[in-house]
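Contents: one structure, followed by commentary.
The values are calculated or read from the model by the stated rules, or taken from the named source; none is laboratory data. This is a predicted model, so every value here is computed, not measured. Backbone-built Cβ (ideal geometry, glycine too); neighbour counts: all protein chains shown. What goes into the accessible areas is simple: the full protein's heavy atoms, side chains included, and nothing from ligands, DNA or RNA. Shrake-Rupley method; radii C 1.70, N 1.55, O 1.52, S 1.80 Å.
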Amino acid sequence: MKAVIKHIVAHTYKPLLVKYLSKTRQYRYGDIRLEIPPQVFHPGFFFSTQLLLQYITGLSLAGKRFLELGAGSGLISIHAAKNGATVTASDINTEAITQLKKNSIANNTALVIFHADLFTGIPEQVFDIIAINPPYYKKQPHTPIDHAWYCGENGEYFTGLFEQLPNYINDKSEVIMVCCDGCDMAMIRKIAADNGFELRTMLAKQNLLEKNFIFKIERTT
């Protein structure tokens, strides 16, 4: 049945969604209003962002140093800022950076914004909370929007993530990452383990197409 549903979605819903997202769209989540150009990941149509935001909403954010790594349109970063966090938002996509600045101003929030490839481009510092909605499909990214979806043929994104992460956390930091069952979890767990980390499942939710997981990234050494 799941295969049938995926087939239907691939041939009906997905083409309509691609057409809809080919233009700049307005999106509202609670009191947050975003403008999202086609070159930037739209959080409203993908369950991973909603699940990550749901989990972060349950955290104590006031006074925390918060980093959203790969912030896209800024939904999670703006939510964290509105709830009292000191927020740094980054993205590799220059169009996303431009829109992050506009959306931050439109929502009366102060974000520290960096154009960065993973942590490269972000000054070394310790964050209390790091939120990550990574690209997790194994394919080489070629366009700016590709970086929201593809982690490289051999998971190069995750290699960089786990190699650089120790420079931005301490023993009290919470690192939260969302993934789905369509990605190579064995590969991701191995890369994490090779760099002294493990993934602890905090939340799992199934929808019609996939199962999504919230992981807490923790040191093993």
**OP:** For GLU210, work out the one condition from (1) out of contact with any Pro (no Cβ under 9 Å at 6 or more places or on another chain); (2) surrounded by fewer than 14 Cβ atoms within 10 Å (Cβ to Cβ); (3) of a type outside the set (Lys, Arg) it doesn't fulfil.
**Re:** (2)
Subject >> Identity of the residue in the stretch 104-127, of a type outside the set (A, V, I, L, M) and within 18 Å of ILE145 (Cα to Cα), that ends up most open to solvent (accessible area, probe 1.4 Å) >> reply: HIS115
Original post:
Within the set of pairs 6 or more residues apart or between chains, which connect a residue that is within 20 Å of LYS190 (Cα to Cα) and in contact (Cβ under 8 Å) with a residue 24 or more places away in the chain inside the stretch 141-162 to a residue that is part of a loop (DSSP other than H, G, I, E, B) and open to solvent by 40 Å² or more (accessible area, probe 1.4 Å) with Cβ atoms less than 6 Å apart?
Top reply: PHE162/ASN195
**OP:** Give the stretch 77-96 a look and list any residue that's among the β-branched types (Val, Ile, Thr) and either at pLDDT below 95 or more than 15 Å from the chain's Cα centre (by Cα) (or both), or say none.
**Re:** THR86, ILE92, THR94
Original post:
Quick one: what pairs do we get from the stretch 194-210, first residue under 15 Å from GLU163 (Cα atoms), second hydroxyl-bearing (Ser, Thr, Tyr), C-beta under 7 Å, 6+ apart or different chains?
Top reply: GLY196/THR220; GLY196/THR221; PHE197/THR220; GLU198/THR220
**OP:** Would you check which residues across the stretch 137-175 are open to solvent by 20 Å² or more (accessible area, probe 1.4 Å), modelled with pLDDT of 90 or more and assigned to a helix (DSSP H, G or I) and list them?
**Re:** GLU156, TYR157, THR159, GLU163, GLN164, PRO166, ASN167
**OP:** May I ask you to say which residue of TYR27, TYR55 is over 19 Å from TRP149 (Cα atoms), open to solvent by 30 Å² or more (accessible area, probe 1.4 Å) and either assigned to a strand (DSSP E or B) or among the hydrophobic types (A, V, I, L, M, F, W, C) (or both)?
**Re:** TYR27
**OP:** Filter the stretch 176-198 down to residues that are assigned to a strand (DSSP E or B) and out of contact with any Asp or Glu (no Cβ under 8 Å at 6 or more places or on another chain) and give me whichever is surrounded by the most Cβ atoms within 10 Å (Cβ to Cβ).
**Re:** VAL178
